[in-house]
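Notes for the one structure printed next.
The values are calculated or read from the model by the stated rules, or taken from the named source; none is laboratory data. Because the structure is a prediction, the values reported are computed rather than measured. Glycine gets a Cβ as well: all are built from the backbone with ideal geometry, and neighbour counts include every protein chain shown.
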Amino acid sequence: MPRMLFICVWALCLFALNPQAHAEMSSATEVGTPLSLDRALALALAHNPEVDATAAEIRAYEADALQAGLRPNPVLDLELENLAGSGEFSGTDATEATLMLSQAIELGGKREHRRRAAEAETALAQSRSEITRTELRARTTRQFIAVLSAQQRLQLADDLVTLARRALSTVEERIEAGKAPATEKLRARILVAELEIARTRETHTLAAERQSLAALLGGQLKVAAVAGELTRLPHLPPLTELEPLLEQSPQLAQWDAQRQQRERTLALTESRRIPDLEVGVGIRYFNDSEDNALVAGLSIPLPLFDRNQGAVAAARSRADQVRAEQRNATLQARAALTTAWQQMNAAHEEAEALRDQVLPAAEEALAAAEYGYRAGKFPLLDVLDAQRTLIEMRQGHLAALAGFHQAVAELERLLGRPLPGLAFNSNETKENTPS
């Protein structure tokens, strides 16, 4: 018994000291728990390899910035003269030894410009990292919506199979009562078979969408189900409210960092037109007289031919290039924002129209057709047509809802921030949802 107690205590200590095991067990317990969008985004940002790669890139540029700020190392030089010659210079009696310490002195502020250029590279890497995180959030959100939409389609497929089977039962009752030909049963069975095939297809689609979402989460969780509500249609913000937010988006902020990096590179390149100075001081020893003497040296290249003019011109052109690219990126981002907003608005209007006008009419038409068929006033084809119309309208409504939320996700990607009240799992959305 004491041995068993010792084993249990040892296992608990090992578990407490191993956070990874704790995380893996936590993930395992969450397999059957519906996954929220917030949880999915947190897992993606914590475990997706893209985030780790950008973090490593930032650390590398930070190390480069540290290296760029260091001064050149001094040089220790030992020179021997009149050694192992002929005549009076044979052997080492006439040897002269010179020990000199020299140091390169960078002129024109090269070290400061080099450090500032390296810091601009770091800032650019940080901007790219923010874009990577924004893109990852958008992809995760879109894939989450795809899984949620697939779940809804599968539920709709189940409902439609139930609806078709109900119609089949009505047909069988009328055939048994001698009020309908036996061929009508075949038609109703065909519809049931078609819907069952569609349900099977949706099952496979849902499995594939869940696998794609799990890959975005870094394989940390086996997605069983997601939790969210697609049917919420909140009030839309006007485009004029969103346009000012675009200027602060990571996509456009990256161009500011890129422009600053090119400008600092240009300043560094221009500083290299000024040659560096090298000074040295040392001591010379004369072996034949055993005397010593100080020596000093000064050297500086003469910029007669190479004044770094080609590199300066190239750096200046690249700075002009990034300014033009920044203006183009701004125009493209504004156009993309307008397109996403129009798509969101169109999907919103379509979903509302289907929900408020078309679907109630289609359901009423089906109910009337079924009642008329049971009363012997309508043929079976009217019931089947009404069923197909309702199926198409429900599927169209679900597609419009998914399209609306996908457009919201695209807007959030372009702006680089969540839009309060528009997320389908946001608490704020409940206040704006029509009852």
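Any residue at all in region 194-205 that is surrounded by fewer than 18 Cβ atoms within 10 Å (Cβ to Cβ), under 27 Å from the mean Cα position of the chain (by Cα), modelled with pLDDT of 90 or more and not basic (Lys, Arg)? Yes, region 194-205 contains at least one residue that is surrounded by fewer than 18 Cβ atoms within 10 Å (Cβ to Cβ), under 27 Å from the mean Cα position of the chain (by Cα), modelled with pLDDT of 90 or more and not basic (Lys, Arg). Scanning region 131-151 for any residue that is modelled with pLDDT under 90 and either crowded, with 16+ Cβ neighbours inside 10 Å or within 32 Å of the chain's Cα centre (by Cα) (or both) turns up nothing. Is there any pair linking a residue in region 358-372 that is in contact (Cβ under 8 Å) with a residue 12 or more places away in the chain to one that is assigned to a helix (DSSP H, G or I) and hydroxyl-bearing (Ser, Thr, Tyr), with Cβ under 6 Å and at least six apart or on different chains, and which? Cβ pairs passing all conditions: Ala362/Thr389.
Can you tell me which residues in region 181-193 are free of Cβ contacts under 8 Å to residues at least 12 places away in the same chain and either part of a helix (DSSP H, G or I) or buried (at least 18 other Cβ atoms within 10 Å of the Cβ) (or both)? Listed by number, the residues that qualify are Thr183, Leu186, Ile190, Ala193. Check whether at least one residue in region 287-294 is in contact (Cβ under 8 Å) with a residue 24 or more places away in the chain, surrounded by fewer than 16 Cβ atoms within 10 Å (Cβ to Cβ), within 29 Å of Val51 (Cα to Cα) and not basic (Lys, Arg), and report yes or no. Within region 287-294, not a single residue is in contact (Cβ under 8 Å) with a residue 24 or more places away in the chain, surrounded by fewer than 16 Cβ atoms within 10 Å (Cβ to Cβ), within 29 Å of Val51 (Cα to Cα) and not basic (Lys, Arg). Determine, yes or no, whether Leu233 is in contact (Cβ under 8 Å) with a residue 12 or more places away in the chain and either in contact with a Lys or Arg (Cβ under 8 Å, 6 or more places away or on another chain) or outside any helix (DSSP H, G or I) (or both). So Leu233 passes the test. Checked across region 113-126, the condition of being farther than 30 Å from Ser271 by Cβ and either over 16 Å from the mean Cα position of the chain (by Cα) or outside the structural domain of Ala409 (by TED's automatic domain parsing) (or both) holds for no residue. Ser249 versus (1) within 25 Å of Arg71 (Cβ to Cβ); (2) within 21 Å of the chain's Cα centre (by Cα); (3) of a type in the set (Ser, Thr, Tyr): which is the lone unmet condition? The number of the failed condition is (1). Beta carbons closer than 9 Å, at least 6 apart along the sequence or on distinct chains, pair a first residue in region 66-83 that is within 23 Å of Lys110 (Cβ to Cβ) with a second that is among the acidic types (Asp, Glu) and in a strand (DSSP E or B) for Val75/Glu278. For region 215-235, taking the residues that are among the aliphatic types (A, V, I, L, M) and crowded, with 20+ Cβ neighbours inside 10 Å, the one that is modelled with the lowest pLDDT is identified as Leu221. Would you call Ala65 touching a helix residue (DSSP H, G or I) at 6+ places or on another chain (Cβ under 8 Å) and at pLDDT 90 or above? So Ala65 fits the description; yes. The sole residue among Ala335, Ala351 that is more than 24 Å from Glu243 (Cα to Cα) and at pLDDT 90 or above is Ala351. Scanning region 365-386 for residues that are over 21 Å from Leu186 (Cβ atoms) and hydroxyl-bearing (Ser, Thr, Tyr) yields a single hit, Tyr371. Take the conditions (1) among the aromatic types (Phe, Trp, Tyr); (2) part of a helix (DSSP H, G or I); (3) farther than 30 Å from Glu184 by Cβ; (4) without any contact (Cβ under 8 Å) to a residue 40 or more places away in the chain; Trp341 misses just one of them, which is (4). Here Lys222 passes the criteria (1) within 24 Å of Thr132 (Cα to Cα); (2) part of a helix (DSSP H, G or I); (3) not β-branched (Val, Ile, Thr) except the one numbered (2). Of all residues in region 37-65, those that are in contact (Cβ under 8 Å) with a residue 24 or more places away in the chain and closer than 30 Å to Leu101 by Cβ total 2.
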